[in-house]
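Everything below concerns the one structure shown next.
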Amino acid sequence: MQINRVLGYFYTKVFIAIIPGRTYSNIAVIHVKGSSILKHYTRKFEGIEFNTAMQLFVNEAAQFSPLAFTALLSDASDQGAIATCSKQQASQFMDVMLTESICLEERWMMYLSRDTLYQLQERYRTVGLDFVFSPFALIKQFYSKPIAEELALFILNEESSIALAVFDHNEFHFADYTLMDQRFSVSEKGVNVENDAPLRYESIEKMLDTYYNDVRIKSSFIEKIYLADAHLSSSSLASLLEEGLFTNLERNRVDVAFETARLAAREVGYAV
Amino acid sequence: MPYSFIAPRPKTLLSSEVRLTLIFFSVIGMMLLLLYGFFLYQNSELQIEKETLQLQHEEMREQNEILQDDIDFIEDQASFTENIVTENIILKEQIKNFLDLVPDEIILSKVSLTSKDLLLNGVSIDQNSFQDKLEVPLSSMFHKTTVKYTQLLDERLEFISHSIIHKEIKP
């Protein structure tokens, strides 16, 4: 296999990230050589199922190099993160026998239902998956610097879901994940997507209630929120959070598909 | 730090045909390298042998030179010896010829011949006999001859003749 490693240096690596959504999916492709991104493009696909068009797009992108890796950002409801790596302590929050977990820094773990993981792999069998990431991994990568330096709430606000995590100077406290429902309003002009910012705010508030009130969780008062925003209609969410939670908020636009592809590249060892 | 719930699938950079071709050429390359190594080894062995032979050749050449010198010396010696033998033969012949000149009236008791002179001791019946029959030929052969006579009781003469050859001064 040494020959593969040597030959690998001469190839451009392709990282494809699939981000499934409620009404559409994003697929990002990055071409990496050494530690630089040579090319980057994202395409939006209508529909919630992994359809033929997406499959063709992924296969076409993968044909560029024999070193093509496909990553998926998990949108499963039965995933999360807890502040322990001990299976015994983890059993308070989930069924460890039915869960796939990753221990990080020997202090906290991300988990995903094993059945869901198999289902995801089966759903994308036609293209094959190399990585399945949790949204918390994306938060950790995107906000690695403030996570190490502050006590803050970090939110990844996606079209289909909200993932949030609390870190205090790199120490993990709490994480939660919730899927969002799409609401439509019918008028003379047609079908419009309703502004779901209040709904999202409520969800975040509910998750924070758990953080502050669950006796199993170590909590501190949050004064700072980092909002990684991938949802178009969420500028009002930022105002709601600032006003409702009396916090400082820093909002950052994030291309989740691109960041997931970067995460995949880092996973293979490329500092992009 | 691993963040993925699954490990990436192994990637194949080379198709089975390319892999087979690569293995084939690798084996051929390896064989050629081995052959090249073998030739290099043989070459080095031959080089060592050549150097040894050159050394031996040099030693033999030196011995040959010594032998040639010995042969030259021996040849010189042989030539020198041959000259001496020839000269001795000539000298012997000359002595014989000279002694044949000595008449019966003269009895030589001592003859001493060197490269420079001839000393004769003897007895003659009279001075005339010596002067006529021996001194004349001596004068022809030597540059200078001096004779001293002593009268014996029986009326014979004892003589001591000393003949000298002047060395020729070569130009």
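Read-outs throughout are calculated quantities, based only on the coordinates presented, and are distinct from any laboratory measurement. Please read these numbers as outputs of a predicted model, since none were measured by experiment. In this analysis, Cβ positions are derived from the backbone assuming ideal geometry, glycine residues included, and neighbour counts consider all displayed protein chains.
For the segment A:130-136, counting C-beta atoms of other chains within 10 Å of every residue's C-beta and taking the mean gives 4.
When shorter helices are ignored and each DSSP H run of at least 4 residues is given -39500 (n - 2.57), the per-residue value for chain B at 222 nm works out to -20500 deg cm²/dmol.
Projecting the Cα atoms of A:Thr84, A:Phe246, A:Val58 onto the charge dipole of chain A (Cβ charges, centred on the Cα centre) puts A:Val58 farthest toward the positive pole.
List the trypsin sites (Lys or Arg not before Pro) in the range A:62-149 that DSSP assigns to loop (not H, G, I, E or B) and whose Cβ has at most 12 other Cβ atoms within 10 Å. Which are they? Please list the in-between numbers first.
Working: sites: A:Lys87, A:Arg107, A:Arg114, A:Arg123, A:Arg125, A:Lys140; in loops: A:Arg107, A:Arg125.
Qualifying residues, ordered by number: A:Arg107, A:Arg125.
Among B:Met1, B:Gly122, B:Leu55, whose Cα lies farthest out toward the positive end of the dipole of chain B, if unit charges sit on the beta carbon of Lys, Arg (+1) and Asp, Glu (-1)? Of the options given, the answer is B:Met1. Peptide B:5-18 has a mean of 6 when you count, residue by residue, the C-beta atoms of other protein chains within 10 Å of its C-beta. When B:Leu138, A:Leu7, B:Leu46, A:Leu156 are sorted by how many other C-beta atoms sit within 10 angstrom of their C-beta, beginning with the fewest, the order is B:Leu46, A:Leu7, B:Leu138, A:Leu156. Overall, the range A:1-132 carries a charge dipole of about 520 debye about its Cα centre when +1 sits on the Cβ of Lys and Arg and -1 on the Cβ of Asp and Glu, all other atoms neutral.
Return a whole-number percent for the relative contact order of the range B:25-171, with Cα pairs under 8 Å and 6 or more residues apart as the contact set. 16 percent. Computed from Cα positions, the angle between helix B:16-101 and the longest principal axis of chain B comes to roughly 0 degrees. A Förster radius of 56 Å, combined with the Cβ-Cβ distance separating B:Ile89 from B:Thr52, puts the computed FRET efficiency at roughly 0.55.
Karplus-derived 3J(HN,Hα) values for the range A:145-150, using 6.51 cos²θ - 1.76 cosθ + 1.60 with θ = phi - 60°, are 6, x, 4, 6, 10, 9 Hz; glycine and proline are entered as x. Normalising the average separation of contacting C-alpha pairs (under 8 angstrom, six or more residues apart) by the number of residues puts the relative contact order of the range A:1-123 at 21 percent.
Can you show me the helix-derived [θ] at 222 nm for chain A, built from DSSP H runs with n ≥ 4 at -39,500 (n - 2.57) apiece and divided by the number of residues, rounded to the nearest 500. Don't skip to the end; give the middle numbers.
Details: 9 runs with 87 residues, N = 272.
Result for chain A, helices only: -9500 deg cm²/dmol.
Rank the residues B:Phe73, B:Phe159 as a footprinting-exposure proxy: fewest other Cβ atoms within 10 Å of their Cβ go first. Could you put the intermediate results ahead of the total?
Values: B:Phe73 10, B:Phe159 21.
Final ranking by Cβ density, sparse to dense: B:Phe73, B:Phe159.
Shape analysis of the range B:19-101 based on the Cα gyration tensor places the equivalent ellipsoid semi-axes at 77, 8, 4 Å, largest first.
Above 29 Å, the calculated P(r) of the range A:1-160 contains 29 percent of its Cα-Cα pairs.
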